[in-house]
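Written below as structure tokens is the structure these notes are about.
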Amino acid sequence: MRNSKLVQEVRGVMTRFEPLTPEFVAATAEDGLTYEEVADILAAHGLDIGKVVCDPTRKVFGVYYANYELGQYATLVLQRDYLQGIGQTEFRKLESYGGICPNLLKNDWKNYYFLDVPLPMAIYDFGQRYRDIPRDQVFSVWHRIYKRIDYGTGMWPTEVIDYVLRNAPAPAKLPDADSDGLITIYRGMGELSQPPERAISWSSHPGNALWFAIRSGQESRVAVARVKPEQIVAYFVTFADENEVLVLPGTIQNYRFERMIPASATTVPMLVAPVLLDYQRYGRMARNLGYLLERNPFQVHGLSHILRVLLLTLIYTQHSGDTLSEANRQILIYFALLHDIGRTNEDCDDRHGEQSVALIQQKNIRLPGMRLSRKEYQIAHMIIVNHCLDDAVGEAAFMAASWLSLKEKARAIHLFRICKDMDGLDRVRFNGLDYRLLRTEYAKQLPLIAGCLLEEDMLAVLDAEL
């Protein structure tokens, strides 16, 4: 339910730099490749096996030819076919240098770190050369490396970060300050993240922080800190740039964690187990309603979305402490299953609620086991019609409904808010959730759980034997 080790290796760095040994080759090569063969293949191109380093903790991207002095790097896969085939291209490239890497020789730092230095080796190499980079360039060169690495695992030396950030240009803009002059910043964290007091990368937008928390392994959390303007080194303003705020290291003293349920190996089963039978029952109904299964990242309102909203709804009804009647619970489930049945596009569409109700009525859709009164069906349909409209518009519609008593209006608005929250929580799938805008207190505890569901095969559970 979280990023795989492969992703962490692709987007992370080496933490150990050990010389390649005959024992390591014998233990990891799958085709009988020997240390002597590797040495001979490299020597044919004038490369010394003594320059090969490995990280035994990494499974795939953990062995490199690394001549730091000359800036010569090549990926090594300890397979005979690779070293005698695809790998030859990299070896010939290094051989053609005749010495120092051309981009390093020209001091073309951005291309050197983007084209010539493998990402797992980038922190180490930069740490050897950062004082050779002109002061007016060192921050931009460093930041380009920093943005490519998702798992730095504490490998940036303190003296390097301090030097780089103190040579950063003054930020042209800062995030808006609160009334007391302090600026609120957010940080998404996981089990591999640096603690807030040591972290330098934050965001001015909680949605960006949540996005990182969801993708940062188990024990994910969202930290919130308030800083003085002078603590901020750089600010990258747009949402595409993650609204990133860089702060001087070691200056975060006061922070808190948002009150969210962690998506851990213990909490998720505890939430899901009591509602699993209902999820199977209603999920099978959803599968028969004609929703298409999302096939690419641009399809976000298909069957998987419906199933996630259903499961979040069931979790809410079971664990929120909200004293819902059985009829109210059924209205919430009815909404979860049918709120997008009439949606025909992936655009922002404020009419698809109305279209969904029209389709329900046209096809006379009835869900087996739903025991709602005529008025309760009307409430459910009114929620569906208004779920894609502004809160104020929807609530005004309920208040204007002459067929509802004041008590019934309050009940309907409460259910409307829950439905919007359960649907809204799944906006994590496209980094579209500002959890501060959720309406119910329990929903505000569920963003990490909603993010966890993105990694689950929601369909596979429907037919599993329990």
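The values are calculated or read from the model by the stated rules, or taken from the named source; none is laboratory data. Predicted model only: the values in this text are computed from it and were never measured. Cβ: placed from backbone, ideal geometry, glycine included. Neighbour counts: every protein chain shown. Side chains are part of the model used for accessible areas, which takes the heavy atoms of the whole protein and leaves out ligands, DNA and RNA. Shrake-Rupley method; radii C 1.70, N 1.55, O 1.52, S 1.80 Å.
Please find, within segment 342-366, the residue that is farthest from the chain's Cα centre (by Cα) out of those that are surrounded by fewer than 16 Cβ atoms within 10 Å (Cβ to Cβ) and basic (Lys, Arg). This residue is Lys363.
Summed over segment 298-315, the residues that are in contact (Cβ under 8 Å) with a residue 40 or more places away in the chain and surrounded by fewer than 17 Cβ atoms within 10 Å (Cβ to Cβ) give a count of 3. In summary, helices (runs of 4 or more DSSP H) completely within segment 62-146 and bearing 2 or more residues that are open to solvent by less than 20 Å² (accessible area, probe 1.4 Å) occur at 87-97, 122-129. It is to be established whether one or more residues within segment 196-210 are open to solvent by 10 Å² or more (accessible area, probe 1.4 Å), among the aliphatic types (A, V, I, L, M) and at pLDDT 95 or above. Scanning segment 196-210, I find no residue that is open to solvent by 10 Å² or more (accessible area, probe 1.4 Å), among the aliphatic types (A, V, I, L, M) and at pLDDT 95 or above, so the answer is no. If the condition is being buried (at least 16 other Cβ atoms within 10 Å of the Cβ), over 18 Å from the mean Cα position of the chain (by Cα) and outside any helix (DSSP H, G or I), then segment 450-465 contributes only Met458. The residue of segment 33-61 that is surrounded by the most Cβ atoms within 10 Å (Cβ to Cβ), among those that are β-branched (Val, Ile, Thr) and outside any helix (DSSP H, G or I), is Val52.
Checking each residue of segment 260-269 against the condition of being touching a residue at least 12 places away in the same chain (Cβ under 8 Å), part of a loop (DSSP other than H, G, I, E, B), exposed (fewer than 12 other Cβ atoms within 10 Å of the Cβ) and more than 25 Å from the chain's Cα centre (by Cα) gives no match. Taking the criterion of being among the hydrophobic types (A, V, I, L, M, F, W, C) and touching a Lys or Arg at 6+ places or on another chain (Cβ under 8 Å), the residues of segment 215-232 that qualify are Val222, Ala223, Val224, Ala225.
Give the residue, chosen from Ser204, Ser179, that is within 23 Å of Gly432 (Cα to Cα) and hydroxyl-bearing (Ser, Thr, Tyr).
So the residue among Ser204, Ser179 that is within 23 Å of Gly432 (Cα to Cα) and hydroxyl-bearing (Ser, Thr, Tyr) is Ser204.
Anything in segment 317-341 that is open to solvent by 10 Å² or more (accessible area, probe 1.4 Å) and assigned to a helix (DSSP H, G or I)? List them, or say none. Answer for segment 317-341, where residues must be open to solvent by 10 Å² or more (accessible area, probe 1.4 Å) and assigned to a helix (DSSP H, G or I): Thr317, Gln318, His319, Glu326, Ala327, Asn328, Arg329, Gln330. Quick test of your reading of the structure: Gly369 fulfils all but one of (1) open to solvent by 60 Å² or more (accessible area, probe 1.4 Å); (2) at positive phi; (3) not aromatic (Phe, Trp, Tyr). Name the failing condition by number. For Gly369, the exception is condition (1). In this structure, Arg417 qualifies as surrounded by 15 or more Cβ atoms within 10 Å (Cβ to Cβ) and either part of a helix (DSSP H, G or I) or of a type outside the set (A, V, I, L, M, F, W, C) (or both). Checked against (1) open to solvent by 40 Å² or more (accessible area, probe 1.4 Å); (2) farther than 20 Å from Trp156 by Cα; (3) touching a Ser or Thr at 6+ places or on another chain (Cβ under 9 Å); (4) not polar (S, T, N, Q), Arg16 meets all criteria but (2).
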